[in-house]
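Worksheet: one structure, shown below.
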Amino acid sequence: MSYRIAGIDVHKRMLAVVVADVEVEGTYQFDRRRFGSNPEQLRLLAEWLLEQAVEEVVMESTAQYWKPVWGALERYWKPTCQKRQGAGPMSGTLHLAQALSNRGRRGRKKDFPDAERLVKRLVAQELILSFVPDAEQRLWRTVMRGKYQLTRHHTRIQNRLEALLEEAHIKLSSLVSDLLGISARRMLQALADGETDPATLAAMADKRLRATPAQLCDALGACIELNPVYRRLLKMALEELQFLEQQMDQEMAGLLSQHQDAVRRLAVVPGLGPDSAQQIIAEVGTTAATFPTAKQLSSWVGVCSGDQESAGVNYSHRSPKGNRHMRRILNQAAHAAVKYKGSIFEIV
């Protein structure tokens, strides 16, 4: 019985697509065709794959360019392929291969041969395939990874704000532990709004602040002759911080509103919290059903030891790269867990 597989070499503006019957004996006979990467061409690609009775599709993970191709096939090709008469258990399956596992010989790289190699190595089980979650979870990933980038941007703005204050001879960061804490932010906001009296600014500090009013007045003494340019730059930085903080949590909370039980169960683990729980769920899903065992999940994350063996000698136990986002979350959680009072991690 004929069983046809398509290989797609993905580029920004074009796709090199080949189709072959992998049940035939001998050398594969490939049908080749080029498509564009715009939406109309992707719909034509899905129709052509249906005409060719393709059962599986494998593509290379080229930067971000594979995502619209995957989305279009998931929408136009996969449902029809799975409902077709005589469809098998693997019909309508999409595979995403890591680019390194499909690398050819140096100086022998061409588009269609690359696509053909994808099919051959998929059949030979020589490709390293990536885990691609469903559309809803991919949306969670996009939001959470964007939120992480916003958090890094938040830190950059804070560092820029401290540099700005130092340049203006305002030594507030030497007296407060958190430059964006309640007391410091209240004083900075008043300064940005035009207040120049050091005593008035110092009076806005919380009573629990260790710095005395005299010390704060001394640190804020340069405010009297502060150049208006510094005041405007300070105001822009504070407005940017406020915008980031408002946008960070709203979007993800709405997307995971139906999975709050899973978030709460994860958040009670020492070292984790609501934000870390949301990030983990975005990466592995609410039940991690894709990974049948904990060992497989650990291998995918890249937290298990590797094996580099030759002639019976193991030369390296270096862990595989795995999912860098999950490793970052787990590393942060581990550092927080050892500081969690009364937990088993603190004892260890």
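Throughout, read-outs are computed from the coordinates displayed, never taken from laboratory work. In this text, all values refer to a predicted model and were calculated from it rather than measured experimentally. Note: ideal-geometry Cβ built from the backbone for every residue, glycine included; neighbour counts use all protein chains shown.
Bridgeable aspartates and glutamates around residue 235 (alpha carbons under 20 Å apart, same-chain partners fewer than 8 residues away excluded): 162, 166, 167, 178, 193, 195, 197, 225, 245.
Against the chain, whose longest principal axis is taken from its Cα atoms, helix 135-167 shows a tilt of about 30°.
Positive-end ranking of 52, 122, 68 along the dipole of segment 4-123, with charges on Cβ about the Cα centre, is headed by 68. The packing ranking, built from the mean of other Cβ atoms within 10 Å per residue, places the peptides 115-128, 260-273 in the order 115-128, 260-273, highest first. For segment 51-72 and segment 1-37, what is the separation of their Cα centres, given in Å? Segment 51-72 and segment 1-37 have Cα centres spaced 11 Å from each other. With an a/c value of 1.5 or above and a/b larger than b/c for the gyration tensor axes a ≥ b ≥ c computed over the alpha-carbon atoms, the chain is described as prolate. What separates the Cα centres of segment 296-343 and segment 121-176 is a distance of 21 Å. Computed extension gain for residue 80 through residue 319, at 0.36 nm per residue and net of the alpha carbon distance, reaches 82.0 nm. For residue 95, nonlocal amide neighbours, meaning residues 5 or more places apart or on other chains whose placed amide H falls under 5 Å from its own, are 57, 58, 59. Calculate for the chain the 222 nm mean residue ellipticity that helices alone would give, adding -39,500 (n - 2.57) per DSSP H run of length 4 or more and normalising by residue count, nearest 500 deg cm²/dmol. Counting only the DSSP helices, I get -15500 deg cm²/dmol. Relative to the longest principal axis of the Cα atoms of the chain, the long axis of helix 66-76 makes an angle of roughly 60 degrees. Computed from backbone phi, the HN-Hα couplings of segment 228-234 come to x, 4, 4, 5, 5, 5, 5 Hz, rounded to whole numbers (Karplus: 6.51 cos²θ - 1.76 cosθ + 1.60, θ = phi - 60°; Gly and Pro given as x).
So how tilted is helix 111-123 from the main axis of the chain? Cα-based, degrees 0 to 90, rounded to 10. That works out to roughly 80 degrees.
3J(HN,Hα) couplings calculated from phi for segment 264-280 with the Karplus curve 6.51 cos²θ - 1.76 cosθ + 1.60 (θ = phi - 60°) are, in sequence order, 5, 5, 6, 5, 7, 5, x, x, 9, x, x, 5, 5, 4, 5, 5, 5 Hz; Gly and Pro show x.
Please label the shape of segment 136-255 as rounded, prolate or oblate, based on the square roots a ≥ b ≥ c of the eigenvalues of the alpha-carbon gyration tensor (a/c under 1.5 means rounded; beyond that, a/b larger than b/c means prolate, else oblate).
Here segment 136-255 falls in the prolate category.
Modelled spin-label separation between residue 265 and residue 128, with each label point placed 7 Å from Cα along the Cα-to-Cβ direction: 3.2 nm.
Rounded, prolate or oblate: which fits segment 4-123, taking a ≥ b ≥ c as square roots of the Cα gyration tensor eigenvalues, rounded meaning a/c under 1.5, else prolate when a/b beats b/c?
Cα axes put segment 4-123 in the oblate bin.
With each label modelled as a point 7 angstrom along the Cα→C-beta vector, the residue 148-residue 343 pair spans 1.9 nm.
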